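What follows is a short report on a single structure.
What follows draws every value from the coordinates through simple rules; no lab data is involved. Not measured: the values here are computed from a predicted model. For neighbour counting, all protein chains shown are included, and Cβ atoms are generated from backbone atoms with ideal geometry for every residue, glycine included.
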Amino acid sequence: MHGFANPARFLRLARWLTPLCLLPGIAIAAVALAYGLIWAPADRLMGDTVRILFLHVPAAWLGMAGWMTIAGASVTELVWRHPLAAIAARAAAVPGAVFTALCLATGSIWGRPTWGTWWVWDGRLTSMLVLLFLYFGYIALSDVARRDGGNGRVAAIFGIVGAINVPIINRSVVWWNSLHQPPSITMGKSAIDAAFLWPLLAAAFGFTLIFAGVVLMRMRAILAEAQAEARLRRKAFAADEAAEAFGGFA
Amino acid sequence: MATVHSPRIKAKHQRLVLLVIALAVVLLAGLLAAWALRSQASYFYVPSEIVAKPPEADRFVRLGGMVEKGSLKTAPDGVTIRFVVGDGKSRVPVSFSGIVPSLFVEGSGVVAEGRMQPGGTFKADNLLAKHDENYVPREMQNMTQAQARKVVAETQ
């Protein structure tokens, strides 16, 4: 793992890994969504509303996976002081927040015709909204650390503590009565008919690849930004030195 | 960190141990909080809870359960419906006037928002249809029960 402590080595790997994630990801997600929207059968009760499943479930899964990425990277940052860990955590925050927002929006649109309401404060919906707010908090914290030159340790601790919400989201429909349905896919079992299940799994896989590609892209952007900043600082420093040297003669 | 420790313990191992302890404590705190919320955080009461401990009159509560098959009846005024919500142990009669969600059918889940009436009837102001975890294509509902069971068994 510490082989990649050298950013140049990571960048070389990320350069070809990014399109390798993004292109198949977009293709698989597009095909799965097209199948879900056009060819998948209508549900026995929900009718065509079921098609939102193919976007909603991958978004929910990636919203939670995004936070687990932040938490894992934060542990690596705090314990092993890996220089790329903080960058990986920061890179995962915005895509994670976007997928969480997408999950809430699609769920709300599905809930109106299915349940008869846009929003209820049940365990699942509330804990998912909390996840979105945690993302906002994390993005703000890590931004402050970057701008004001902090070491980002506060953001890392926030990322680890916030991870407690993920199992709560997962278990919310089991622990408490909720309007949201209990899990359809549990260990090795599925209450989802094969006609819906396979495109759903394909969409989840495709979106996961897209997520990985976006995180890699953002990591490269953050590294490039840091490099540019360091170069500017060196230049400014050199200019100061030169001015001082000349000032001595004046 | 200027902690004094034996030179044989690496700093990163010390950090790892501290983090594991911190994680365990945070996890315990989270579980305790969730445990404390176990009854308050539920979105609705099931019929057996309502029957065992009836809520005070005029207190707004939610009642959730299955709409019993064959219990749904429309009153002569055409907008009031009566049905029974059950959970396998207890049954609560419900009355409601208004537009029902399209997924509201007998044998399916429902969450009724409203108040208990003195006569033991639950008067709902609003109905929410509860979707279960099963996703089944339309073609399958016309199969015989045995066929459907076979298909479901195959997908599981």
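Before moving on, here are some points about what is shown:
- Distance between modelled label sites at B:Leu31 and A:Leu20, nm, 7 Å Cα→Cβ extension: 4.0 nm
- Cα-centred dipole magnitude for chain A, charges only on beta-carbon of K, R (+1) and D, E (-1), debye, nearest 20: 380 debye
- In this label model, A:Ile185 and A:Arg153 are separated by 4.0 nm, measuring between points 7 Å along each Cα→Cβ vector.
- Helix-only mean residue ellipticity at 222 nm for the protein assembly as shown, each DSSP H run of n ≥ 4 adding -39500 (n - 2.57), per residue, nearest 500: -20000 deg cm²/dmol
- For chain A, the longest principal axis of the Cα atoms and the long axis of helix A:194-249 meet at an angle of about 10 degrees.
- Against chain A, whose longest principal axis is taken from its Cα atoms, helix A:85-114 shows a tilt of about 30°.
- For the residue pairs B:Lys69/B:Lys123; A:Lys189/B:Lys123; A:Lys189/B:Lys73, alpha carbon separations beyond 29 Å are given by A:Lys189/B:Lys123; A:Lys189/B:Lys73.
- Centre separation in Å (Cα based) which lies between segment A:9-73 and segment A:196-230: 11 Å
- Folded to 0 to 90 degrees: helix A:53-80 orientation relative to chain A principal axis, Cα: 40 degrees
- Qualifying trypsin sites (Lys or Arg not before Pro) for segment A:135-185 [loop in DSSP, other Cβ within 10 Å: at most 10]: none
- Cα gyration tensor category, rounded, prolate or oblate, for the protein assembly as shown with a/c compared to 1.5: prolate
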